[in-house]
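The values are calculated or read from the model by the stated rules, or taken from the named source; none is laboratory data. The structure presented is a predicted model; accordingly, all values stated were derived computationally and were not measured. FYI the Cβ positions are ideal-geometry reconstructions off the backbone, even for glycines, and counts take in every protein chain you see. These accessible areas exclude ligands, DNA and RNA; they are computed on the full protein's heavy atoms, side chains included. Shrake-Rupley method; radii C 1.70, N 1.55, O 1.52, S 1.80 Å.
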Amino acid sequence: MAHNSPKRILLVDDNLMFLKLMEKAFKKFGFDCSVAASAEEAIELLNSEENPDIILSDYEMLEMNGIEFRKYLVANPLFKDIPFVFLTFFADQDLVKEGLDLRAIDFVTKDTPVNVIVSKINNILFTISQQRELTELEIKKAAALLNFKSIPVNVPDINGFCVDFWHSAYHDIPGGDFIDFIKVNDRYNFVVLGDIMGKKWTAWFFTFGFLSYIRAAVRFAVFNGDYSTSSILDKVNSVVCFDDVLKDILSTLSLVLIDSETGAITYSGAGDLPLLHYKSIEKEMEIVTSSGLLLGLFENGNFNRQEICLEKGDSLFIFSDGMIDFSDLAGKKSDYNMFTGMIRKNLNCGQTFTQIKDNFANNGLNEQVDDRSIISITKN
Amino acid sequence: MNMIKIYKEDQNNLMVDLKLKEANVTNADEFKVELMKLFDKAHKRIILNLNQVEYVDSSFLGALVSSLKHVISYNCELVLVGLCKDITDLFALIRLDKVFKIYNTFNDVPAY
C-alpha cells in the first residue's frame, strides 16, 4: 500500500450518537472510517473487508464487551496484530491492566476532546510506522554485515561469451531472486538464476539456504566428474525436499552450463519461465522450455537436460517472473509473449543488452510489481 | 477478511470460490490460513474456483502450491477451476498445469 493512502480505522461503539460524532471527526482528518455498533458487527466487518490500520473500541457494550472482543482478536492469527485502542468512560486500574495485558496499545477516556483523540490515534499510527521503518533499517544493516549477496556485484569473464545481467529489487528491498556465476575452471562455468516464491525479506532469507545447496551440489557433482545440469537439479531438489526448514518454501531455478572449449551450452530448469534464444541471423526468438517442476515440490522433479546451440551473435536470456509482470490502469497481468516481443523488437532495432538494461531501469517497458532479474549470454 | 466462500459441499468435495481480483503477496498468507482452516480431512477433495482472479503473483502461487503439498500429504486433492487465459498460460509456462488438476468449471470436474 502506498504510504500516502488514507489510514483506515474501525470504530466500535454501541452508542450510536458517539459513533457518528467520532466517524465525522476522523473523516474530517482524512481517515477512511468503518463503524460497527457492536463487537459482533465489527467481527463481521473484519471478516468481509481488508484489515483496518487500527481499531478503536468501546469497553462497555451489550453481548460481547471490549475485553471479550479483544480476546477474540488476539486468538485469531488474521486479526491479532491490528493495533487496538480502548475508548471508554469506564477505566479502573484492573480493567486497564487486563486490557494492556491483552496488548491493547492504550486506553483513552471518552471525556477527552475529540480532536485530542484524533491526534492521539495519529501519533500512535505514526509511531507504529516509524518503528516498522526502523526495524527494516536494522534488518538492512544486519544483512549488509552478513555480507551475503544473492546478486553478484560483477559479471563473469567467460571465454568466447559475453555474459551480463540486470536486477532490480522490488521496493528496493532484497527479495527472492538470486543469481550466481560459478566458475569451475577455465573451461566450465555455471550460470544460476532462481526465484524463491515470496517477496522482500522473507523470501530473501531463504535464498541463503537454496544458494548454499546449489553451490554445494555443483561442487560435489564436478568433484565426481558429473557435469549434468539435470543431475545437479535432482540433487538440490532431493535435499530441499528433506529439509524441514525449507519444506514450505518453493523456488524456481534455471541452471546453465557453459563449455568454453566446445562452445556448448546445456540447460535444465525447475518451474522456471522458458528461456529465450535470440537467433541473430533469422532475427527470431526461439522459446526454450524445460520439463522440470519447482524445487521442493515433489521428490521426483522430472528434470530434463537439453543442449542449446548458440551461433555467433546469438543470445540466450534467462529471467525471473517479475520481468513479465505488467501494470496499467486496468490492473496487473503476466504476459510472457508481450515481453518476448519487446526484447525481440529491441534486438532487431540493433539495441545492445546494455541499452535494453537502460530501458528496464527507466521503467520504459513495464512498471515494477516484483523483483526483476534477467541474464544475457551472447556468443562472441 | 474471508476471501474464500463455500459454494457447495458434499461428503467428498468442498467447492469454494476465491473472492479476489488480485491474488498477491498481501493476501497469500491469509489465503493459506483460510484454506487450511476449511480443509476438513473428511473431504477428499477441495475444488477452488479462481474465476474472479485476474492476476496471480509468485507469492500467491507459492501459497497455492504449498497448500497442494499439505493436502496431498493427507491423500487428498486440490483441484482448480475457472482460470482465466493469462493465468492458464502462466501455469503452462512454469509447468504447474502438470501439478494441479485443472478444469473449466465446477461442473466439469469428474465425480469423485
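Among the residues that make up the stretch A:85-100, is at least one of them within 14 Å of chain B (Cβ to nearest Cβ), in contact (Cβ under 8 Å) with a residue 24 or more places away in the chain, touching a helix residue (DSSP H, G or I) at 6+ places or on another chain (Cβ under 9 Å) and not in a helix (DSSP H, G or I)? No, there is no match, as no residue in the stretch A:85-100 is within 14 Å of chain B (Cβ to nearest Cβ), in contact (Cβ under 8 Å) with a residue 24 or more places away in the chain, touching a helix residue (DSSP H, G or I) at 6+ places or on another chain (Cβ under 9 Å) and not in a helix (DSSP H, G or I). Scanning the stretch B:61-90 for residues that are under 19 Å from A:D248 (Cα atoms) and within 12 Å of another protein chain (Cβ to nearest Cβ) yields a count of 12. Given the conditions (1) of a type outside the set (V, I, T); (2) under 26 Å from the mean Cα position of the chain (by Cα); (3) within 9 Å of chain B (Cβ to nearest Cβ), which single one is not true for A:M323? A:M323 satisfies every listed condition except (3). Any residue at all in the stretch B:71-89 that is part of a helix (DSSP H, G or I) and under 12 Å from the mean Cα position of the chain (by Cα)? Yes: the stretch B:71-89 contains one or more residues that are part of a helix (DSSP H, G or I) and under 12 Å from the mean Cα position of the chain (by Cα). Number of residues in the stretch B:31-63 that are part of a loop (DSSP other than H, G, I, E, B) and in contact (Cβ under 8 Å) with a residue 60 or more places away in the chain equals 1.
For the stretch A:310-336, which residues satisfy the criterion of being touching an Asp or Glu at 6+ places or on another chain (Cβ under 8 Å) and surrounded by fewer than 16 Cβ atoms within 10 Å (Cβ to Cβ)? The answer is A:S327, A:D328, A:G331.
Considering the conditions (1) within 14 Å of chain A (Cβ to nearest Cβ); (2) closer than 25 Å to A:D328 by Cα; (3) modelled with pLDDT of 90 or more, B:N51 is excluded by exactly one of them, (1).
Of the strands (runs of 3 or more DSSP E) entirely within the stretch A:157-248, those holding at least 3 residues that are open to solvent by 10 Å² or more (accessible area, probe 1.4 Å) and either not hydroxyl-bearing (S, T, Y) or not assigned by TED's automatic domain parsing to the domain that holds A:I356 (or both) occupy A:161-168, A:177-183. Filter the stretch B:88-110 for residues that are aliphatic (A, V, I, L, M) and in contact with a strand residue (DSSP E or B) (Cβ under 9 Å, 6 or more places away or on another chain); which is farthest from B:L64 (Cα to Cα)? It comes out as B:V109.
Residues in the stretch A:257-276: is at least one among the charged types (D, E, K, R), open to solvent by less than 50 Å² (accessible area, probe 1.4 Å) and assigned by TED's automatic domain parsing to the domain that holds A:C349? Yes, the stretch A:257-276 has at least one match.
For the stretch B:1-19, filtering for residues that are in contact (Cβ under 8 Å) with a residue 24 or more places away in the chain, within 11 Å of chain A (Cβ to nearest Cβ) and open to solvent by 20 Å² or more (accessible area, probe 1.4 Å) leaves 3. Within the stretch A:125-134, one or more residues are of a type in the set (G, A, S), more than 30 Å from A:E261 (Cβ to Cβ), open to solvent by 30 Å² or more (accessible area, probe 1.4 Å) and assigned to a helix (DSSP H, G or I).
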